[in-house]
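Notes to accompany the following structure.
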Amino acid sequence: EDQVTQSPEALRLQEGESSSLNCSYTVSGLRGLFWYRQDPGKGPEFLFTLYSAGEEKEKERLKATLTKKESFLHITAPKPEDSATYLCAVQEYTDKLIFGTGTRLQVFP
Amino acid sequence: DSGVTQTPKHLITATGQRVTLRCSPRSGDLSVYWYQQSLDQGLQFLIQYYNGEERAKGNILERFSAQQFPDLHSELNLSSLELGDSALYFCASSASSAGIGTEAFFGQGTRLTVV
């Protein structure tokens, strides 16, 4: 069965303290892996798309990487405004877009 | 603004009733996805349509149904509502359903409360 697992479930960081979020997946025929940010009560906001192992994408303090079995979202020198739930999703060959349960990030000043 | 519009934003209804949630995708997007997000839960995939045809199905209850119309807007119908159906319902749209994966853009959701 296709699965997407994110860890840790929650992460508390001091402002400026870099860290990484993990997304491991088992799917049949990966067509793409996506990272989203979700604020409470809002719709997920698209961040990155990764297609193949070795690929990396960067945006401000965020960098996403992909291997054959997992993806990492690296957060460098986070700020309080980076506090949100970060969601990983994979699209497999049947078109299903499957989400993990997310990592709830809190960044304290 | 993602360009995906969902209406209504909030809905309060009684158990046993039926409601319809509406989604207008981004201009030009052919794929529409529906998700359910209960309190502190992840996004549960319900169903996907592509250019009017059902494309993929997730854990959608038999009491729920959806369709995509020729103008590409989509509706999610929820019937015989139960208290446990209270959740945020999200619609997302993407440009393509073929080849490489294409990112989906989400609406702001409809918050359904069943009392």
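Sort out which residues of segment A:23-45 are within 9 Å of chain B (Cβ to nearest Cβ), surrounded by fewer than 18 Cβ atoms within 10 Å (Cβ to Cβ) and not in a loop (DSSP other than H, G, I, E, B), and write them in order of number.
A:Glu45
Give all pairs with beta carbons closer than 9 Å in which a residue from segment B:28-46 that is in contact (Cβ under 8 Å) with a residue 24 or more places away in the chain meets a residue that is among the basic types (Lys, Arg) and part of a strand (DSSP E or B); count only pairs at least 6 apart in sequence or on separate chains.
Close Cβ pairs (under 9 Å, with a partner that is among the basic types (Lys, Arg) and part of a strand (DSSP E or B)) amount to B:Ser31/B:Arg55; B:Leu46/B:Lys57.
When the residues of segment B:71-115 are filtered to those that are among the aliphatic types (A, V, I, L, M) and farther than 19 Å from B:Gln44 by Cα, which remaining residue is farthest from the chain's Cα centre (by Cα)?
B:Ile100
Filter segment B:40-53 for residues that are assigned to a loop (DSSP other than H, G, I, E, B) and within 11 Å of chain A (Cβ to nearest Cβ); which is modelled with the lowest pLDDT?
Step by step, filter segment B:40-53, then rank; the result is B:Asp40.
For segment B:54-74, give me each residue that is at pLDDT below 95 and not in a loop (DSSP other than H, G, I, E, B).
Hits for segment B:54-74 are B:Glu54, B:Arg55, B:Ala56, B:Lys57.
Which numbered condition in (1) surrounded by 18 or more Cβ atoms within 10 Å (Cβ to Cβ); (2) at the interface with another protein chain (Cβ under 8 Å from one of its Cβ atoms); (3) over 14 Å from A:Ala89 (Cβ atoms) is the only one that B:Trp34 fails?
The one condition B:Trp34 does not meet is (2).
Kindly indicate whether any position in segment A:10-20 is under 11 Å from A:Ala89 (Cα atoms), open to solvent by 50 Å² or more (accessible area, probe 1.4 Å), over 14 Å from the mean Cα position of the chain (by Cα) and in contact (Cβ under 8 Å) with a residue 12 or more places away in the chain.
No - not one qualifying residue is present in segment A:10-20.
Give me the residue from segment B:89-115 that is among the small types (Gly, Ala, Ser) and open to solvent by 10 Å² or more (accessible area, probe 1.4 Å) and, out of that set, farthest from the other protein chains (Cβ to nearest Cβ).
Here the answer is B:Ala95.
Looking at B:Ser86, B:Ser80 in this structure, which one is buried (at least 16 other Cβ atoms within 10 Å of the Cβ) and either in contact with a helix residue (DSSP H, G or I) (Cβ under 7 Å, 6 or more places away or on another chain) or away from chain A (no Cβ under 12 Å) (or both)?
B:Ser86
The values are calculated or read from the model by the stated rules, or taken from the named source; none is laboratory data. Here the structure is a predicted model, which is why all the values come from computation and not from measurement. Note that we place each Cβ from the backbone using ideal geometry, even for glycine, and neighbour counts take in every protein chain shown. All accessible areas refer to the heavy atoms of the entire protein, side chains included, with ligands and DNA or RNA removed. Shrake-Rupley method; radii C 1.70, N 1.55, O 1.52, S 1.80 Å.
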